Amino acid sequence: MKQQRGSTVEVETLEEFDARVAAGARSLSGWHLQGLDLRGRGEALRALDAAGALFLGCELEPADEQSLRARGALVFPIVPGIPFDAYRASLYTAEELYEGLDTSYEETLDARVYAWSRQEPTLDMSLTQALHDHAIDDALHDVVRGHRLVGVMGGHAVTRGSAPYADAARLAGELTRAGLLVATGGGPGAMEAANLGAYLAHQPPAALDEALDLLASAPSFVPSVRAWATAALDVLERWPDGGPSLGMPTWHYGHEPPNAFATAIAKYFRNAIREAVLLQVASAGIVFLPGAAGTVQEVFQDACENYYADASSVAPMVLVGREHWTRVLPVWPLLESLARDRHMADQVHLVDDVSEVAALLTSR
């Protein structure tokens with residue numbers, strides 16, 4: 001049954017609703033009912049005190065909806081004319097986002113939502129996106145509870161079949177086997193590699209090598225998202241029982257499709273919210289693989305939080321690739337200067353190789 005938060009009870013399945021009614025519930029006060037088809041539960045709804053209840057995107061008979069409103073419930077109706085559920089109670093899966101890929105990528109839920117988001121913005125659209133992202137936040141809270149999350153950031157342009165891609169996958173596998181839950185930005189490149197490594201972490205080592213070879217047939221989502229995603233889905237079919245990891249992509253970068261290897265996908269409309277939440281949930285630290293502007297932004301966004309944090313709230317930062325972070329993009333000297341004489345000073349690291357990372361994050 002759904003966990004109760006304070007005086008609020010989240011009810012997100014009909015089984016939960018029926019169980020609470022059968023247990024003798026007399027009031028809906030404090031209940032948040034989300035995305036339920038309640039058209040067959042009219043008798044039960046009418047028998048319960050409705051004051052203080054919140055219905056988010058539930059299907060109701062017109063008479064029941066009118067009765068609930070009249071008796072003090074707050075009812076947010078289903079939003080018409082949009083290709084997604086603004087009140088969804090769970091995170092996305094790759095299968096859900098890529099349904100329709102057999103025909104074309106343009107037919108998938110992922111592509112249709114992105115196309116919808118590219119319309120001229122209106123107040124209705126902004127409100128709907130905000131409702132959706134709030135629902136994703138709520139679902140994410142349930143997924144990360146009880147886990148130590150480690151973020152793995154890196155460039156989206158890293159191609160399948162390359163050494164950096166394989167390194168990112170092996171790193172994530174090691175972190176997963178150490179008991180951490182890997183979280184990424186959910187996109188292609190190093191992010192996909194990390195989710196892949198977490199997914200195959202508990203398979204024999206040869207499985208990852210085989211998967212890397214299979215994926216190399218479609219190195220990038222350019223020129224064909226369909227070929228790129230199909231290769232990933234073929235790997236999932238080959239190994240259907242993979243390890244968990246989190247991906248947090250955004251439709252803001254709609255030209256970058258989500259990778260299929262994250263078992264839970266928190267996809268947002270608002271990129272700023274997504275980035276802030278990703279840094280927040282990565283309480284076990286963040287690994288920064290070589291990347292460009294986006295990764296540099298994430299380094300200093302994380303550094304800012306650590307700079308002002310108290311000693312108990314500082315999370316490790318590990319930059320991988322001395323040449324990249326000191327010469328190609330000289331981020332390290334500035335980061336090291338910021339950290340000096342702060343609580344974060346001992347939690348900021350620069351290493352040459354991914355093999356050095358796990359020991360820095362698992363020794364806490």
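The values are calculated or read from the model by the stated rules, or taken from the named source; none is laboratory data. Just so you know, these numbers come straight off a predicted model, no measurement behind them. Positions of Cβ are generated from backbone atoms using ideal geometry, with glycine treated the same way; all protein chains shown enter the neighbour counts. SASA here: full protein model, heavy atoms, side chains in, ligands and nucleic acids out. Shrake-Rupley method; radii C 1.70, N 1.55, O 1.52, S 1.80 Å.
Number of residues in the stretch 181-204 that are open to solvent by less than 20 Å² (accessible area, probe 1.4 Å), out of contact with any Gly (no Cβ under 8 Å at 6 or more places or on another chain) and more than 12 Å from GLY154 (Cβ to Cβ) equals 2. Pairs are defined by a Cβ separation below 6 Å, a sequence spacing of at least 6 or placement on different chains, a first member in the stretch 159-178 that is at positive phi, and a second member that is surrounded by fewer than 24 Cβ atoms within 10 Å (Cβ to Cβ); the pairs so defined are GLY161/ALA216; GLY161/PRO219.
Residues in the stretch 214-225 include none that are within 21 Å of the chain's Cα centre (by Cα) and open to solvent by less than 10 Å² (accessible area, probe 1.4 Å). All of TYR114, TYR92, TYR87 fail the test of being over 28 Å from ALA231 (Cα atoms) and under 17 Å from the mean Cα position of the chain (by Cα), apart from TYR87. Can you find a residue in the stretch 267-280 that is among the hydroxyl-bearing types (Ser, Thr, Tyr), touching a His at 6+ places or on another chain (Cβ under 9 Å) and modelled with pLDDT of 95 or more? Yes, there is a match, as at least one residue in the stretch 267-280 is among the hydroxyl-bearing types (Ser, Thr, Tyr), touching a His at 6+ places or on another chain (Cβ under 9 Å) and modelled with pLDDT of 95 or more.
Could you say which residue among PRO244, PRO240 is in a loop (DSSP other than H, G, I, E, B) and either in contact (Cβ under 8 Å) with a residue 24 or more places away in the chain or in contact with a strand residue (DSSP E or B) (Cβ under 8 Å, 6 or more places away or on another chain) (or both)?
PRO244
Of all the residues in the stretch 337-355, those that are of a type outside the set (S, T, N, Q) and surrounded by fewer than 14 Cβ atoms within 10 Å (Cβ to Cβ) number 6.
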